[in-house]
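Right, one structure below, let's go through it.
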Amino acid sequence: MKIVSWNINALRAHEDAFRKAIAALQPDVFCLQEIRVREDQRTFPAEGYHSIINPADMSQYYGTAMYFKNGLHPLSVTFDQYESEFGYEGRIIAAEFPDYYIVNSYWPFSMRSADNKWLKHRLAWNKWLLAFIHQLQQKKPVIICGDMNIVREPVDAFDGKSIKQVGCFYPEEHEAFDKLLHEEQLVEVYRHLHPLANTLGRNGRYSTWSYSKDNVNRKNNEGFRIDYFLASTCLIQHVTSSEIHEDIEGGDHCPISLVINF
C-alpha cells in the first residue's frame, strides 16, 4: 500500500499540479488537506481513482479529501464530528481497511492573537483527536497522515530553532503532540526511518515553505517540516519507505509518502 499526503492549499487553484502528482506517484491512496471546495464544486476526477471529500462549512478554508485507486474500497469511512465556535472544518477522514485505519488529518494552525483563541482552539482539537484515535485503536492500528502544523525538532526548521512564540512552535502544542504519541504508542515514521536525514538550512528536508516574492523561500529551501505520517508501533515493521517529494510543486507544501507491506 502506497499512501501519499499533501496539503494542496486550494484544490481548484492547483488542479494541474494535483493531476501531475497523482500520475507521477501512483499511490493507492492520496490524502489531501486544505482542499477549500464545497461538495457541489467537486469537479476534480483523477483517472483511475474515485474520491471522498469532507468539506468545511466555510468552504474557502480547510476541508479534506481522499482518492482511492479504482478497485480499492475502504470497509468504512468516518468523518470527524468536531465543531467549534468556528463551525465545522472538515479536518478528518478515517478510512478503514482490513489491517488498519488511514486517518487523513488537517490540524489547526495556532495563529497569533491577543486572546490566544487559535492556540486554545488547537489544544481543544488536540484533546478531541486523542480520544478519537484512542477509539479507533480499540479496533485496529492506525496510520495518521497530514499537515499537523507543528515543527517538532530544531532539525525540522531551516534556521534550527524548535521553540518560538508563534504557531507550529508553541510549547503547549509540543506537549499535546507528545502526549498523543506516548499514550497511543505512535511513531513519527519519517524521523524513525531517517534519523540523520536533515542538516540545517538549505540542505534540510522540509515539506513547506512560506510564500514569498518569486518563490524565493522555496528556491533557497528556507522551509519547515510540518507534514507527517504517524503509525501505531505494531505497524512499523511493515513500513518499507517514507519520503518527502520536494521536487513536486504546487502551493506552499510538497507531498509526502509512505509504503507499507503485509
(message) So Asp40 ticks every box in (1) over 19 Å from Asp227 (Cβ atoms); (2) assigned to a loop (DSSP other than H, G, I, E, B) but one. Which box is left unticked?
(response) (2)
(request) Could you list all residues from segment 23-35 that are under 16 Å from the mean Cα position of the chain (by Cα) and either modelled with pLDDT under 95 or of a type in the set (A, V, I, L, M, F, W, C) (or both)? (result) Val29, Phe30, Cys31, Leu32, Ile35
(request) Determine, yes or no, whether Ile163 is touching a Phe, Trp or Tyr at 6+ places or on another chain (Cβ under 6 Å) and over 18 Å from Ser105 (Cβ atoms). (result) yes
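Which residues, counting only those in segment 160-175, are free of Cβ contacts under 8 Å to residues at least 60 places away in the same chain and either on the phi > 0 side of the Ramachandran plot or of a type outside the set (Lys, Arg) (or both)?
Pass one, segment 160-175, residues free of Cβ contacts under 8 Å to residues at least 60 places away in the same chain: 160-169, 171-172, 174-175.
Once the filter is applied, which keeps residues that are free of Cβ contacts under 8 Å to residues at least 60 places away in the same chain and either on the phi > 0 side of the Ramachandran plot or of a type outside the set (Lys, Arg) (or both), segment 160-175 yields Gly160, Ser162, Ile163, Gln165, Val166, Gly167, Cys168, Phe169, Pro171, Glu172, His174, Glu175.
May I ask you to say which residue of Glu47, Glu83 is closer than 28 Å to Gln165 by Cα, out of contact with any helix residue (DSSP H, G or I) (no Cβ under 7 Å at 6 or more places or on another chain), at pLDDT below 95 and not basic (Lys, Arg)? Explain how you work it out, then say what you get.
Working: Glu47 fails: closer than 28 Å to Gln165 by Cα.
From the options Glu47, Glu83, the qualifying one is Glu83.
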(request) Take segment 33-46 and flag every residue that is in contact (Cβ under 8 Å) with a residue 24 or more places away in the chain and of a type in the set (D, E, K, R). (result) Glu34, Arg36
(message) Looking at the structure I just gave you, is Phe30 out of contact with any Ser or Thr (no Cβ under 9 Å at 6 or more places or on another chain), surrounded by 19 or more Cβ atoms within 10 Å (Cβ to Cβ) and closer than 30 Å to His238 by Cβ?
(response) no
(request) Return a yes/no flag: does segment 73-87 have any residue that is out of contact with any strand residue (DSSP E or B) (no Cβ under 7 Å at 6 or more places or on another chain), assigned to a loop (DSSP other than H, G, I, E, B) and small (Gly, Ala, Ser). (result) no
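Would you please name the residue that is modelled with the highest pLDDT, looking only at residues in segment 2-13 that are touching a helix residue (DSSP H, G or I) at 6+ places or on another chain (Cβ under 9 Å) and assigned to a loop (DSSP other than H, G, I, E, B)? Spell out how you get there, then give the answer.
From segment 2-13, those touching a helix residue (DSSP H, G or I) at 6+ places or on another chain (Cβ under 9 Å) are 2, 4, 6, 8, 11-12; that's our starting set.
Filter once more, keeping what is assigned to a loop (DSSP other than H, G, I, E, B): 8, 11-12.
Values: Ile8: 97, Leu11: 93, Arg12: 90.
By that ranking, first place goes to Ile8.
Take segment 37-67 and flag every residue that is of a type in the set (Asp, Glu) and surrounded by 14 or more Cβ atoms within 10 Å (Cβ to Cβ). Give the steps one after another, and end with the answer.
If we filter segment 37-67 for residues that are of a type in the set (Asp, Glu), which is where we start, we get 39-40, 47, 57.
The one that is of a type in the set (Asp, Glu) and surrounded by 14 or more Cβ atoms within 10 Å (Cβ to Cβ): Asp57.
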(request) Return yes or no: is Ala56 part of a helix (DSSP H, G or I) and within 21 Å of Ser105 (Cβ to Cβ)? (result) no
(message) Filter segment 95-135 down to the residues that are buried (at least 20 other Cβ atoms within 10 Å of the Cβ) and within 21 Å of Val29 (Cα to Cα) and list them by number.
(response) Ala95, Tyr100, Tyr101, Ile102, Val103, Asn104, Ser105, Tyr106, Trp107, Ile133
(request) Please name all residue pairs, on different chains or six or more residues apart, with Cβ atoms under 7 Å, provided the first residue is in segment 67-80 and is over 11 Å from Ser51 (Cα atoms) and modelled with pLDDT of 95 or more and the second residue is exposed (fewer than 14 other Cβ atoms within 10 Å of the Cβ) and among the hydrophobic types (A, V, I, L, M, F, W, C). (result) none
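Anything in segment 57-67 that is under 19 Å from Ala46 (Cα atoms) and in contact with a strand residue (DSSP E or B) (Cβ under 6 Å, 6 or more places away or on another chain)? List them, or say none.
Let us first name the residues in segment 57-67 that are under 19 Å from Ala46 (Cα atoms), namely 63-67.
Passing the criteria: Thr64, Ala65, Met66, Tyr67.
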(request) Any chance you could count how many residues in segment 220-239 are out of contact with any Ser or Thr (no Cβ under 7 Å at 6 or more places or on another chain) and closer than 19 Å to Arg205 by Cα? (result) 5
(request) State whether one or more residues within segment 221-230 are surrounded by fewer than 14 Cβ atoms within 10 Å (Cβ to Cβ), over 23 Å from Cys31 (Cβ atoms) and more than 19 Å from the chain's Cα centre (by Cα). (result) no
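The values are calculated or read from the model by the stated rules, or taken from the named source; none is laboratory data. A quick note: this is a predicted structure, and the numbers were derived from the prediction, not measured. Quick reminder, even Gly has a Cβ in these numbers, built from the backbone with ideal geometry, and neighbours come from all protein chains shown.
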